[in-house]
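Below: the structure, in structure tokens.
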């Protein structure tokens, strides 16, 4: 079956540090890959996506590149802020309705001033 | 465009009762999916509806059911509530592309 594996958290960083959250996946076919962010007490918000190999998704300083050869979609940000503290979810899905969306367990990020 | 809305936002029920949650998708979106989120199990897929038909189903007991109306609004029902059903229930809608947009969730507490 399909699966998404994220690194265990929490990840604790100081403000302006470099962030990497690892995500690897197992899937048949060619899924689209996503990163979502969840702030306390809220639902998930789409952060970025990539739909095919070598695509790079980016938003709000966050980036992730769809690596088919390593089945990975690692999230990176060059300089984190306290406001980036949240839980980040990696996910995959294919369009067409025959693909149940699969989410990772989430990685909690804590950024200290 | 207005986002995905879910009602109610918070709900407290007792064991054995039933509950109905509502989700209004983004205008024009025909797919609605439901998820259960708990600290122990993470985000788990319940089911997806597309044009009033259940298209995908996760691994949950029959106590969990849903439906979708002709205007794409969806409801989820849980019968004979158990303590373990306490969770954040999230609804997500999607249009032509495969991107899902989530609502704020309904926090269900079963006492």
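The values are calculated or read from the model by the stated rules, or taken from the named source; none is laboratory data. Here the structure is a predicted model, which is why all the values come from computation and not from measurement. Cβ atoms come from the backbone with ideal geometry, glycine included; neighbour counts cover every protein chain shown.
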Next item on the list: Confirm whether residue A:16 is loosely packed, with under 12 Cβ neighbours inside 10 Å and farther than 23 Å from residue B:33 by Cβ.
Entry: yes
Next item on the list: Can you tell me which residue within region B:60-77, out of those that are touching a residue at least 40 places away in the same chain (Cβ under 8 Å) and part of a loop (DSSP other than H, G, I, E, B), is farthest from the chain's Cα centre (by Cα)?
Entry: B:72
Item checked: Residue satisfying condition, being over 25 Å from residue B:98 (Cα atoms), assigned to a loop (DSSP other than H, G, I, E, B) and under 14 Å from the mean Cα position of the chain (by Cα), within set A:8, A:16 -> A:8
Next item on the list: Could you please give the count of residues in region A:19-57 that are part of a strand (DSSP E or B) and either touching a helix residue (DSSP H, G or I) at 6+ places or on another chain (Cβ under 7 Å) or touching a residue at least 40 places away in the same chain (Cβ under 8 Å) (or both)?
Entry: 16
Next item on the list: Could you tell me whether any residue of region B:90-98 is without any contact (Cβ under 8 Å) to a residue 24 or more places away in the chain, closer than 17 Å to residue A:34 by Cα and in contact with a strand residue (DSSP E or B) (Cβ under 9 Å, 6 or more places away or on another chain)?
Entry: yes
Notebook entry, point to check: Inside region B:80-97, can you point out the residues that are surrounded by fewer than 17 Cβ atoms within 10 Å (Cβ to Cβ) and at pLDDT below 95?
Noted result: B:95, B:96, B:97
Checklist line | Matching entry among A:66, A:25 (being crowded, with 16+ Cβ neighbours inside 10 Å and within 14 Å of another protein chain (Cβ to nearest Cβ)) | finding: A:66
Margin query: If I filter region A:78-88 for residues that are within 14 Å of chain B (Cβ to nearest Cβ) and in a loop (DSSP other than H, G, I, E, B), do I get at least one hit?
Written below: no
